[in-house]
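Reading through the structure tokens given below for one structure.
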Amino acid sequence: MSRFERWMAAPAAMVLVGLAGAVNKIINGEHALGTTAAMPWGLLIAGYVFFAAAATGAGLIASLGHFSGKPALMALERRGMFLALSLLIPGFGLIGIELGNPLNMIYILLSPNFTSGIWWMGFLYSIYLALLLIECYYSQVNPTNKNLKMVSALAVLNKIAAVCNLGAIFALAGVRLFWNGYYFPIYILVTAILSGAAALLTASYLTGKRAGLEIEPAIVEALGKIMAGCIVIAAAMTALKLYANLQAAEQPLRETAAALVSGPLAWRFWLGEVGAGMLLPLALLLIANFRAKHTFAAAVLILIGVFAMRADFIAAGQIIPQVVVEGVQHTAYHVYSATWTEWALLAGATGASVLMYAFAEYKFTLDAEAADTFADPECVADLTGRRKLTV
Amino acid sequence: MAHYAMLIDASRCTGCAACRIACQMQWQLPPEVFFNRLEFREQGTYPNVRQDIVPVQCMHCDNPPCLKVCPTGATYKRADGMVLIDHGKCIGCKYCMVACPYDVRQMNERGVPEKCRFCAGHVETGGQPPCVATCMNDVRIFGDLDDPNSEISKELKRRDVFQLAAHKGTKPRVFYVKSKK
Ligand code: SF4
């Protein structure tokens, strides 16, 4: 078994576990999930939001590379596009299995209801997939094609619209007070960039590691600064939102915020969202001044933390029973506990994402051309230490 | 054109759940799927306490949030006021379940978030929904608001009524008689 094959054994095993979950979901339908009539959206939706938002974040950083002219970011352009594709497709897989039949996603486009956020999600993310495929294709066969600039510009608008709409799906659910308002579209945009940067750094670091080479410090610093900036914004937004909700006149809002801070969601909120997603990585980034190893550790923690954020906000919106008849005393919280099927599907999507990205690294040229980026061609040719293979 | 609605006098309900079972029989639902439920409310302080039982089902809202969020238009509203589901169009995204302020949608065996159908197909031919017909205490009255001689039209004029969670702007078509107690 070659070194590469050994590296790929773990994600391949995860895909097999995911397939077992998919088979169980297809056979047993909703019974295979921990969701209920009171909490209809669970971990699979959180997983989908995680993958789709991270794909958008990685794509936005790739676009930043295209338009900013900053060498460190330009070097990430192709890698960002391929990584986005490797995150988006497993994300689609998750939502397809959650729907019970992946073909249902196509039906969304054939029978549109324009007032539905989910319809717009299907539409915008389909365009995103198409634009990504075009960008990835041209990056390999004809990177200097003059139409590519226009495609990239379109893609930037599409990415921002798609990820904000993802937040709007929850904001427009109407009756779930915790999700209402302008907060989530902006919050998802910020945390999408955060998780996209973390995924990009993790991928770049590991692919370099495999060949025993160091990742270019300028790239580490650029991604590290993006992550640190997004953490500060996300932390401020979270603190403000929770503070406002804890003081809110509406009881369900106060109860939801309390569920996060000191209720059944508290352990995941403090350990996952705040600890792994914000405090620890920020400390690692700032104390180590964006050194590669520490920034990589911060990126992995951020990925865990952002997943906790997705799971928290999906659960928080539904956990407080709705008041239908005034005066009826409900249980304090709805209960949702994810099943092995849901965890298996998430593991499968993660494994598929890693495999797809590794395949792209192996098969395609993801490093920027030396002339495009750094003045010193030496440092670019081995940006992440990947062997240069052409298609 | 008929305009169907329902009036519920919860003060008459004894909590026997015959309405729920009759509905399950009518639509051949499995035991865990039900289109109407009873909510129990304690009132007063010991020793002067009582329990209200309030039947809850799809309100066939005139401004239904479930319809707005449905990505494929599987949820639709008929001209006679019924909010129904086209099973062929439903993709099972469960957005309607999240958006319904009354928590009345239930996933059926085929992955469609189902709910009360106001017995469409049965009432047009003069039949009564089984939840209405089976109730020993006449808790529910179902009928056509456009017919001034229908029982529901007369009762709605005569009695003081309210709608559940009306502040959410859903404009429900299920009315409740205000309790005198
Ligand atoms: S009660 Fe719920 S399911 Fe019924 S029409 Fe209103 S929003 Fe839709």
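Summary of values
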quantity: Residue-count net charge about A:Leu99 - beta-carbon cut-off 15 Å; Lys, Arg +1, Asp, Glu -1; calculated: +1
quantity: Long pairs among A:Lys146/B:Lys68; A:Lys25/B:Lys68; A:Lys70/A:Lys363; A:Lys159/B:Lys77; B:Lys115/B:Lys178; B:Lys94/B:Lys171, criterion Cα-Cα beyond 32 Å; calculated: A:Lys146/B:Lys68; A:Lys159/B:Lys77
quantity: Total charge dipole magnitude, segment B:4-177, about the Cα centre, Cβ charges on Lys, Arg, Asp, Glu only, Debye to nearest 20; calculated: 380 debye
quantity: Calculated FRET efficiency for the pair B:Arg78/A:Leu129, C-beta based, R₀ 30 Å, to 0.05; calculated: 0.25
quantity: Segment A:330-356 and segment B:109-181: distance between their alpha carbon centers, rounded to Å; calculated: 40 Å
quantity: Accessible area per residue, Å², the protein assembly as shown with all protein chains present, probe 1.4 Å; calculated: 43 Å²
quantity: Average other protein chain Cβ within 10 Å of Cβ, residues B:63-76; calculated: 5
quantity: 14 Å beta-carbon shell around B:Cys131, net charge (K/R +1, D/E -1); calculated: +4
quantity: Segment B:4-177 - percent of accessible surface contributed by carbon and sulfur, probe 1.4 Å; calculated: 51 percent
quantity: Share of carbon and sulfur in the accessible heavy-atom surface of segment A:137-284 [1.4 Å probe, %]; calculated: 71 percent
quantity: Net charge dipole size for chain A [Lys, Arg +1 and Asp, Glu -1 on Cβ; Debye, nearest 20]; calculated: 380 debye
quantity: Threshold 50 Å² - residues in segment B:37-62 whose accessible area is reduced by that much or more when the chain is no longer isolated, probe 1.4 Å; calculated: B:Glu39, B:Arg41
quantity: Summed side-chain charge close to A:Asn289 - residues other than A:Asn289 whose Cβ falls under 14 Å, Lys, Arg +1, Asp, Glu -1; calculated: +2
quantity: Distance from segment A:49-110 to segment A:215-245 (C-alpha centre basis), Å; calculated: 20 Å
quantity: Directionally averaged shadow of segment A:244-308, computed from the convex hull of its alpha-carbon atoms, nm²; calculated: 4.8 nm²
quantity: Residue (of B:Asn63, A:Phe123, A:Ala155) at the positive-pole extreme of the protein assembly as shown, dipole from beta-carbon charges; calculated: B:Asn63
quantity: Cα-based convex hull, chain A, per residue volume (Å³, whole number); calculated: 142 Å³
quantity: Mean Cβ count within 10 Å, highest first, over the residues of peptides B:126-137, B:23-34; calculated: B:126-137, B:23-34
quantity: For the protein assembly as shown, calculated [θ]222 nm from helices alone, where every DSSP H run of n ≥ 4 adds -39500 (n - 2.57); calculated: -17500 deg cm²/dmol
quantity: Estimated translational D of segment A:109-181 in µm²/s (Stokes, Kirkwood radius over Cα pairs; 25 °C; 0.890 mPa s); calculated: 179 µm²/s
quantity: Shielded by partner chains, segment A:169-190 residues - at least 30 Å² of accessible area, 1.4 Å probe, vs chain alone; calculated: A:Ala173, A:Val175, A:Arg176
quantity: Listed residues A:Lys70, A:Lys25, A:Lys159, most fluctuating in chain A (Gaussian network, C-alpha, under 10 Å); calculated: A:Lys70
quantity: Percentage relative contact order, chain A, counting C-alpha pairs under 8 Å, at least six apart; calculated: 29 percent
quantity: Span-rule helices in chain A, defined as complete DSSP H runs reaching 24 Å or more along the axis (Cα) with Kyte mean at least 0.0; calculated: A:3-28, A:43-68, A:77-98, A:117-141, A:147-171, A:183-210, A:217-247, A:292-319, A:340-363
quantity: If the convex hull is drawn through the Cα atoms of segment B:1-102, its volume per residue in Å³; calculated: 150 Å³
quantity: Complex-versus-alone comparison for segment A:309-331, residues with a loss of 40 Å² or more in accessible area, probe 1.4 Å; calculated: A:Gln322, A:Val324, A:Val325, A:Val328
quantity: For a label point 7 Å along the Cα-to-beta-carbon line of A:Met237, residues of segment A:180-208 with backbone N under 19 Å; calculated: A:180-200
quantity: Built amide H within the under 5 Å cut-off of B:Glu39, gap 5+; calculated: B:Val54, B:Val56
quantity: Accessible area that becomes buried as B packs against A, both chains, 1.4 Å probe, Å², nearest 100; calculated: 2800 Å²
quantity: Distribution of pairwise C-alpha distances over segment B:4-177, 5 Å bins, in %; calculated: 1, 8, 16, 21, 21, 17, 9, 4, 2, 1, 0
quantity: Options B:Ile53, B:Ser150, B:Gly111, ranked by Cα towards positive dipole end of segment B:4-177, top entry (Cβ charges); calculated: B:Gly111
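The values are calculated or read from the model by the stated rules, or taken from the named source; none is laboratory data. Computed from a predicted model, the values in this text were never measured in an experiment. Note that we place each Cβ from the backbone using ideal geometry, even for glycine, and neighbour counts take in every protein chain shown. Note: areas computed on protein heavy atoms with side chains; ligands, DNA, RNA excluded. Shrake-Rupley method; radii C 1.70, N 1.55, O 1.52, S 1.80 Å.
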